C-alpha cells in the first residue's frame with residue numbers, strides 16, 4: 001500500500017519552521033526514543049503554556065501527547081504514518097520558542113502555535129477521535 005502524501009497549503013509551505021518540523025517529525029516517527037523525549041519535553045512545557053490561545057484545541061493537544069506516549073510505548077499503532085507525522089510536527093512546532101512569532105511576544109507569541117495546532121487537528125481529527133475511543137475502551 002502506497003503511503004499517503006501530505007499536502008500543505010501554500011502559506012504553510014512558506015513557513016520554514018513548520019517545514020523543518022515536518023522533516024524532523026518524519027525521523028521521530030521511526031524512533032520511539034525520540035518520541036519519548038519529545039513527549040517528556042512537551043509535558044514539561046505544557047505547565048507553563050497559556051491555555052487561552054488554544055481554546056477548544058487544548059483537549060486535542062493533550063490527546064496528541066497521549067497518542068505519542070501510547071505509540072512510543074507500542075500500545076497504540078492504529079494510526080497512519082502521515083497522521084503521526086502531522087501530529088508530531090505540530091508538537092515540535094509548538095515546543096519551538098523561536099517559531100514564526102516567538103513565544104515571548106506578549107499576546108501574539110502562541111497564536112501561530114494555535115494556528116498550526118488547528119491545522120493539525122483538522123487533518124488528523126478522525127485519527128485523534130479513533131485514539132480517544134481506543135483509550136476509553138482500553139481502560
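The values are calculated or read from the model by the stated rules, or taken from the named source; none is laboratory data. In this text the structure is predicted, and so the values were computed from the model without any measurement. Backbone-built Cβ (ideal geometry, glycine too); neighbour counts: all protein chains shown.
Scan (1) surrounded by 15 or more Cβ atoms within 10 Å (Cβ to Cβ); (2) under 13 Å from the mean Cα position of the chain (by Cα) for the single condition residue 20 breaks and write down its number.
(2)
Just wondering, is there one or more residues in segment 24-33 that are outside any loop (DSSP other than H, G, I, E, B), at pLDDT below 95 and either touching a strand residue (DSSP E or B) at 6+ places or on another chain (Cβ under 7 Å) or over 16 Å from residue 124 (Cα atoms) (or both)?
Checked against the condition, which is being outside any loop (DSSP other than H, G, I, E, B), at pLDDT below 95 and either touching a strand residue (DSSP E or B) at 6+ places or on another chain (Cβ under 7 Å) or over 16 Å from residue 124 (Cα atoms) (or both), segment 24-33 yields at least one hit.
Which members of segment 53-72 meet the condition of being free of Cβ contacts under 8 Å to residues at least 12 places away in the same chain and more than 13 Å from the chain's Cα centre (by Cα)?
Across segment 53-72, the qualifying residue is only 56.
In segment 37-51, which residue that is part of a helix (DSSP H, G or I) and without any contact (Cβ under 8 Å) to a residue 24 or more places away in the chain is nearest to residue 24 (Cα to Cα)?
Quick first cut of segment 37-51, residues part of a helix (DSSP H, G or I) only: 37-46.
Still in the list and also without any contact (Cβ under 8 Å) to a residue 24 or more places away in the chain: 37, 40, 43-44, 46.
Numbers: 37: 13, 40: 17, 43: 19, 44: 20, 46: 20 Å.
Result: 37.
Please determine, by comparing only the residues of segment 47-60 that are touching a helix residue (DSSP H, G or I) at 6+ places or on another chain (Cβ under 6 Å) and modelled with pLDDT of 90 or more, which one is nearest to residue 118 (Cα to Cα). Full working, then the answer.
Residues of segment 47-60 touching a helix residue (DSSP H, G or I) at 6+ places or on another chain (Cβ under 6 Å): 51, 53-54, 57, 60.
Imposing the further condition that a residue be modelled with pLDDT of 90 or more reduces the set to 57, 60.
Numbers: 57: 7, 60: 9 Å.
Across segment 47-60, the extreme among qualifying residues is 57.
Restricting the search to segment 72-113, which residues are at pLDDT 85 or above, surrounded by fewer than 19 Cβ atoms within 10 Å (Cβ to Cβ) and outside any loop (DSSP other than H, G, I, E, B)?
Going through segment 72-113, the residues at pLDDT 85 or above turn out to be 72-95.
So of that shortlist, the ones also surrounded by fewer than 19 Cβ atoms within 10 Å (Cβ to Cβ) come out as 73-78, 80-82, 95.
Within segment 72-113, 81, 82, 95 meet the criteria.
For residue 38, which of the numbered conditions (1) over 13 Å from the mean Cα position of the chain (by Cα); (2) over 14 Å from residue 132 (Cβ atoms) fails to hold?
Among (1) over 13 Å from the mean Cα position of the chain (by Cα); (2) over 14 Å from residue 132 (Cβ atoms), the lone unmet condition for residue 38 is (1).
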